[in-house]
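Below: one structure, written as structure tokens.
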Amino acid sequence: MSPVTPPVNPGKNDGRRGRWDTHREQRRAELTSAAIEAIRQHGPDIGMEAIAAHAGVSKPVLYRYFADKSELWLAVGQQAGEIILEAMVPAVAGVREERAVVAAVIDVYLAQIEADLNLYRFVVHQPDIARHRDVVADVMDTVASGLARIFGDRLRARGLDSGAALPWAYGVVGYVQSVGDWWLRQQQPISREALAEYLTTFLWTGISGMRRAADTPGGLAAHEWAEEQ
């Protein structure tokens, strides 16, 4: 008679696995924060060995939580994006006038990348990273989605189609990110305050013309038709 196999207790195994997963995520978060500190201190070209030393672990331990530098770059980029967004939320919440919302988003973004230059360069300018996922695009997606809600609310309040809100928002975010990157690469040739005002003025001219640009009688379609005649 064959021995009876004792029943497996899946609940117990699941509990252990859950505790390990939680511990692993906590440890990854701690190592990511340590990596950010190391990048800020030593610059964007820092290697994995120096990051491990700064975190107080060996290089093999660091690779236990991040398969390679690309995976660490992704984790650092996600946390850097959260830092920017956490700064934007209270800044935007503190203003009501729509132009001031755009100005606040621009100013916070420029202030963050200026103050955290090494971290910005590590995330944005890493030519040797295998980018299985673009963390910069992830951050831009989040910011653009929030801005699209603001534009959409404005359009709907005017009784207009809100379909343009999302592409306009991506246009704003892409424009500011591109100009901000130029500004840093050129070693801030003008003050942050002046640049923020220039960008806000330029963008707000387009945003405030949404009624004229909307596809309604007298709007964009009629304007294009008139030019063709």
Conditions (1) touching a helix residue (DSSP H, G or I) at 6+ places or on another chain (Cβ under 9 Å); (2) among the small types (Gly, Ala, Ser); (3) touching a residue at least 60 places away in the same chain (Cβ under 8 Å) -> Ser70 fails only (1)
Within the range 99-121, does at least one residue satisfy the condition of being under 19 Å from Arg192 (Cα atoms) and loosely packed, with under 14 Cβ neighbours inside 10 Å? yes
I need the full set of residues from the range 138-176 which are at pLDDT 80 or above, under 30 Å from Ile46 (Cβ atoms) and open to solvent by 40 Å² or more (accessible area, probe 1.4 Å), in order please. Asp141
From Arg24, Arg28, grab the single residue that is free of Cβ contacts under 8 Å to residues at least 60 places away in the same chain, assigned to a helix (DSSP H, G or I) and closer than 19 Å to Arg133 by Cβ. Arg28
Among the listed residues Ala75, Ala100, Ala111, Ala80, identify the single one that is of a type in the set (A, V, I, L, M), more than 16 Å from the chain's Cα centre (by Cα) and in a helix (DSSP H, G or I). Ala100
Looking at (1) under 25 Å from Ser191 (Cα atoms); (2) in contact (Cβ under 8 Å) with a residue 40 or more places away in the chain; (3) touching a helix residue (DSSP H, G or I) at 6+ places or on another chain (Cβ under 8 Å), which is the only condition His125 fails? (3)
The residue from Val95, Val123 that alone is out of contact with any Pro (no Cβ under 8 Å at 6 or more places or on another chain) and part of a loop (DSSP other than H, G, I, E, B) is Val95
Could you list all residues from the range 184-201 that are among the β-branched types (Val, Ile, Thr), open to solvent by 50 Å² or more (accessible area, probe 1.4 Å) and assigned to a helix (DSSP H, G or I)? Thr201
Taking the range 158-198 and keeping only residues that are of a type in the set (Ser, Thr, Tyr) and within 24 Å of Asp116 (Cα to Cα), one is left with Tyr170, Tyr175, Ser178, Ser191, Tyr198
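The values are calculated or read from the model by the stated rules, or taken from the named source; none is laboratory data. Being a predicted model, the structure only gives us computed values, none of them experimental. Neighbour counts are summed over all protein chains in view; Cβ atoms, including those assigned to glycine, are modelled from backbone coordinates with ideal geometry. The protein model used for the area step is the full one, side chains on, heavy atoms only, and it has no ligands, DNA or RNA in it. Shrake-Rupley method; radii C 1.70, N 1.55, O 1.52, S 1.80 Å.
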